[in-house]
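Engineer: After the structure tokens below, expect a handful of questions from me.
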Amino acid sequence: MVALIDFADCHPLAAVWNSGPAPRSPLDRPAIPVSPPSALQLEKALQLLGAAGHDAPGGAPGSPGYLQGLIDALVELSSRDALTGLANRRAFELALEREIDRVARSGEPALLLTLDIDHFKRVNDTFGHNAGDSVIKAVATALLDSVRPMDLVARVGGEEFAIILPNCATAFGAAVAERVRRRVEHMPVVVGPGQEIAVSVSIGGAFAPQWVRSTPALWVERSDQQLYRAKRQGRNLVQLEPTAVSVVSSEEKRLLFDTFQHHDED
Amino acid sequence: MPELSLEPPRGPQPANILAVTSGKGGVGKTFVSANLAAALARAGRKVLVLDADLGLANLDVVLNLFPKITLHDVFTGKATLMDAILPAPSGFSVLLAGSGMVEYSRMTPEVREQLQKVINEVTPRFDHVLLDTGAGISDVVLYTVSLAGEVLVVATPEPTSLTDAYATIKVLATTQGRRRLGLLVNQTRKPGEGRQVRQQLQQVVDRYVNPNLDSPVRLELVGEVPADPAVRDAVLRRQLVLEWLPGTPASLAIVAAAAKLLQP
């Protein structure tokens, strides 16, 4: 007897598995046998995963657990930049959306940093593309070492990186950004036998507006504007957007109201 | 009937764009925009009120306008901008955003571009353009305000309104580099309360904002409008209080504010 699996409409695979003539009723939905495993084409997926250093999924081939493990591993693979292991642009954009949503609901400040390796073309042109790759990997490591586990570091372009720092207060954000800049500045990169070079990054940053739902595009644009400023002002520099301090501190409120109360009593 | 005796505009001038904003909702932004526009129209000026609350418009409700062609229709190519400029009963023109246009509550680059285009097209045709912004200090509101030459912050004398007005002032000063902001205090309970409120806000600005800026922010009291039951009655009648009861304290205050705005 063949075990049949029938995916409910809400399941992510429903669109794939449940294709076919429109069912007359939910019970009529054509079900696709999941085992025997020879019905599924898994070689390509397994090859890619193997090349990326993933183990084969556990469990009996074709079992739901196996498939889930396979899916999870493929998700990982398609979310990561191959060279550095950082989140790739796709994963970054998803994370931005999520963070904006979180900020809109919780009101906690979040910081976006966009970074660009200074004079990267020069490295490639002078030392070759392998050296360029080494630089990128070294910068990636420096970034990961400078941030908290909850922060998301992504490679979003050739020499462009981004970091999302959730729940990041203004002062903390400035400190982290500077720490990142300094770490990259002081980190020698091996580009050849006995050859080390120094690199630097320009960093732009903007806090997510705390008042209402912004858009990823707008948030990135604001951070990029600061990055552009950093470049223009000499590179190897951090520029954060002056915080739209829409938060009114208790000291400010006290001054605002106490004196006001005082007037009221006149 | 009180008349504003003011000289007519001297020759073709770029329209004065005034953003009317508040931070907190419900302090009378729209009431102020509409009645100020009526007062300016009475002084012989050509005025447009642009309801820039792209998420949720309400100027049409206040002015009892129907049928309405909105900016949404313009943005989607169903109407021209000229079609959407509607005459309000009180001598000024109105451009409505369109209610419930939730997609515009997010300020995408496309919406920004469209709004900028609209502003560029209409400002040459009017002496004054009043931008009635939405409530809060969202991307949309801030962007809308950034299109204006002058800003009028509307606040009432109560704590949450003051806090939000102060936050708005801070944001405008730091992110838009504004140094002169107009203040209109609505629903004052006694004479001189407007001046007190301005002083309050200025004091906190002087202590906490100005030290971090290259030049100081100065708040200018444009007007204080007393709490006046006629205002609510006018709303219920779907009429502007300036039209219905021009002699009531709120109306007189609005006329005085308009005069203040027209001072060189």
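The numbers here are math on the coordinates, done by the rules we state, and not lab data. Note that this is a predicted model, so its numbers are computed, not measured. Virtual Cβ from ideal backbone geometry, glycine too; neighbours counted across all protein chains shown.
Engineer: Based only on the alpha carbon positions, what is the Kirkwood hydrodynamic radius of the range A:89-240, in angstrom?
Structural biologist: Every distinct Cα pair counted, the radius reaches 15.6 Å.
Engineer: Enter the mean number of other protein chain beta carbons within 10 Å of the beta carbon of each residue in B:193-204, as an integer.
Structural biologist: Per residue, the average neighbour count from other chains is 3.
Engineer: First check a/c for the range B:16-262, with a ≥ b ≥ c the square roots of the eigenvalues of its C-alpha gyration tensor; if it is under 1.5, answer rounded, and if not, answer prolate when a/b is larger than b/c or oblate otherwise.
Structural biologist: In terms of gyration-tensor shape, oblate.
Engineer: Looking only at other chains, what is the average number of their beta-carbon atoms within 10 angstrom of each beta-carbon in A:247-256?
Structural biologist: Per-residue shielding by partner chains comes out at 5.
Engineer: So, counting K/R as plus one and D/E as minus one, what does the shell of residues with Cβ under 10 Å around A:E252 add up to?
Structural biologist: Taking every Cβ under 10 Å from that of A:E252, the sum is +3.
Engineer: Arranged by the count of other C-beta atoms within 10 angstrom, fewest first, what order do A:E43, B:E193 take?
Structural biologist: With the sparsest Cβ surroundings first, the list reads A:E43, B:E193.
Engineer: While we're on this one: Would you mind calculating the relative contact order of the range B:16-262 from Cα pairs under 8 angstrom and at least 6 residues apart, reporting the percent as a whole number?
Structural biologist: It comes to 25 percent, rounded to a whole number.
Engineer: Helix-derived [θ] at 222 nm for chain B: sum -39500 (n - 2.57) over DSSP H runs of at least 4, divide by residue count, nearest 500?
Structural biologist: Value at 222 nm, helices only: -11500 deg cm²/dmol.
Engineer: Highest mean first, what order results for B:172-180, B:89-97 on Cβ atoms within 10 Å?
Structural biologist: Highest-to-lowest ranking by the protection proxy: B:89-97, B:172-180.
Engineer: Moving on to the next point. Leaving out same-chain residues fewer than 8 places away, which lysines sit with a Cα under 20 Å from that of A:K137?
Structural biologist: A:K121
Engineer: Of the candidates B:S146, B:S161, B:S215, which one comes out as most mobile in a Gaussian network treatment of chain B with C-alpha springs shorter than 10 Å?
Structural biologist: Per the Cα network of chain B with a 10 Å cutoff, B:S215 tops the list.
Engineer: With a/c under 1.5 counting as rounded, go ahead and sort the range B:160-233 into rounded, prolate or oblate using the C-alpha gyration tensor (a ≥ b ≥ c being the square roots of the eigenvalues; past the cut-off, prolate if a/b is larger than b/c, else oblate).
Structural biologist: Prolate is the answer for the range B:160-233, as a/c is 1.5 or above and a/b outweighs b/c.
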